[in-house]
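Comments concern the structure below.
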Amino acid sequence: MIVLLIAILSSSVIFVIFKLFSFYKIDVFQAIVFNYFTAFTCGVLLYGSEWNSAALTIGNWPYYMVICAILFISLFILMGLSSQRNGVAMTSTANKMSMAMSMLLMIFLYGEEITLLKIAGITLAFIGVLLVSFSKETSQAEKGAHWMLLVLFVGSGMLDFILNFVQKYELGVLTPSLFSAFGFGIAGCIGLLILIVQILKKKATFAFRNVAAGIILGIPNYFSIYLLMQSYSATGWTDSTVLAINNVAVVILSVLVGYFAFKESITSRKLIGLIVAISAIILIYFSGLKA
């Protein structure tokens, strides 16, 4: 339980850091690139002693690691483009609702028991997230860019499920801590290549403050992924329950932090959404306890 709580807090801290970027004129993409290298460094420094050379011959984790790294960086780039074309509200909603895909995969592929309590909890979770995230801003969506929302929905859901699948079946003697670190390292290399091309084409200007921002972002980003992977085996709950509680709790905390720290308004729709989301967590928690 404590592991999942820290994972939720780490993800929520990322929200706060991104909000602060606008105040300090941080180039988000550059910060993301150096965030990946920071996350890689965190994993290696803290858990490098866990490396076992036998991991190279056990499991298919290297292939999944590359896939995850590509998803890390490509989904981020797509989120930025979609935010400009479709609006922030629609983009964030598509990203958060991706848990529908990963949860259904976990339920059916792992043979998890489906109960009325779980169905009710999942339904309330979706309704709560929609009420909290959706806004009138969505009416400004530009035609021809909706494909980005579909790709974000599918891609984010695939990433969540792959991380869970690897943790359960493919790591072998490799620990989740190092799998996360290596995945971030590859994502950082991909991002750095893109950044170099942008600088050479004079489409971006390098600034050291973006490196500092990336370091600050990278620490909670690493633990948000690593601890989520740990939570699947540490909580005693079903995998779909862990994922649902993590995602919905992050949405709730993000709204509360936005209200108290950044004076963002909480409309009656958002308030109802928060209540519904909290109710969903309670139902999902009791439905997901393993016998």
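Values computed for the structure shown
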quantity: First in region 138-156 and within 9 Å of Ser98 (Cα to Cα) and at pLDDT 85 or above, second anywhere and of a type in the set (A, V, I, L, M, F, W, C) and not in a helix (DSSP H, G or I), Cβ under 7 Å, 6 or more apart; calculated: Phe153/Met97
quantity: Helices (runs of 4 or more DSSP H) wholly inside region 142-260 containing at least 2 residues that are among the polar types (S, T, N, Q) and more than 30 Å from Leu283 (Cα to Cα); calculated: 176-200
quantity: Inter-residue pairs, beta-carbon under 9 Å, first without any contact (Cβ under 8 Å) to a residue 24 or more places away in the chain and in region 57-73, second hydrophobic (A, V, I, L, M, F, W, C) and surrounded by fewer than 16 Cβ atoms within 10 Å (Cβ to Cβ), 6+ apart; calculated: Pro62/Leu56
quantity: Contacts under 6 angstrom Cβ, first residue in region 262-289 being part of a helix (DSSP H, G or I), partner polar (S, T, N, Q), 6 or more apart; calculated: Ile284/Thr241; Ser287/Thr115; Gly288/Thr238; Gly288/Thr241
quantity: Region 219-243: number of residues that are under 12 Å from the mean Cα position of the chain (by Cα) and within 17 Å of Ser156 (Cβ to Cβ); calculated: 6
quantity: Among (1) under 19 Å from Ser12 (Cβ atoms); (2) out of contact with any helix residue (DSSP H, G or I) (no Cβ under 8 Å at 6 or more places or on another chain), the one test that Thr267 misses; calculated: (1)
quantity: Of the criteria (1) more than 19 Å from Val211 (Cβ to Cβ); (2) in a helix (DSSP H, G or I); (3) not aliphatic (A, V, I, L, M), which one Gly59 fails; calculated: (2)
quantity: Single residue of region 18-37 satisfying the filter (part of a helix (DSSP H, G or I) and surrounded by fewer than 20 Cβ atoms within 10 Å (Cβ to Cβ)) that is modelled with the lowest pLDDT; calculated: Ser22
quantity: Residue in region 59-70 that is among the hydrophobic types (A, V, I, L, M, F, W, C), farther than 15 Å from Pro176 by Cα and crowded, with 19+ Cβ neighbours inside 10 Å present; calculated: no
quantity: Cross-chain or 6+ apart pairs with Cβ under 8 Å, region 96-115 first and surrounded by 14 or more Cβ atoms within 10 Å (Cβ to Cβ), then not in a helix (DSSP H, G or I); calculated: Met106/Glu112; Met106/Thr238; Ile107/Ile114; Glu112/Thr238
quantity: Total residues in region 227-242, condition touching a residue at least 60 places away in the same chain (Cβ under 8 Å) and either within 10 Å of Asn164 (Cβ to Cβ) or of a type in the set (Gly, Ala, Ser) (or both); calculated: 9
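The values are calculated or read from the model by the stated rules, or taken from the named source; none is laboratory data. Because the structure is predicted, anything quoted here is derived from the model rather than measured. Cβ: placed from backbone, ideal geometry, glycine included. Neighbour counts: every protein chain shown.
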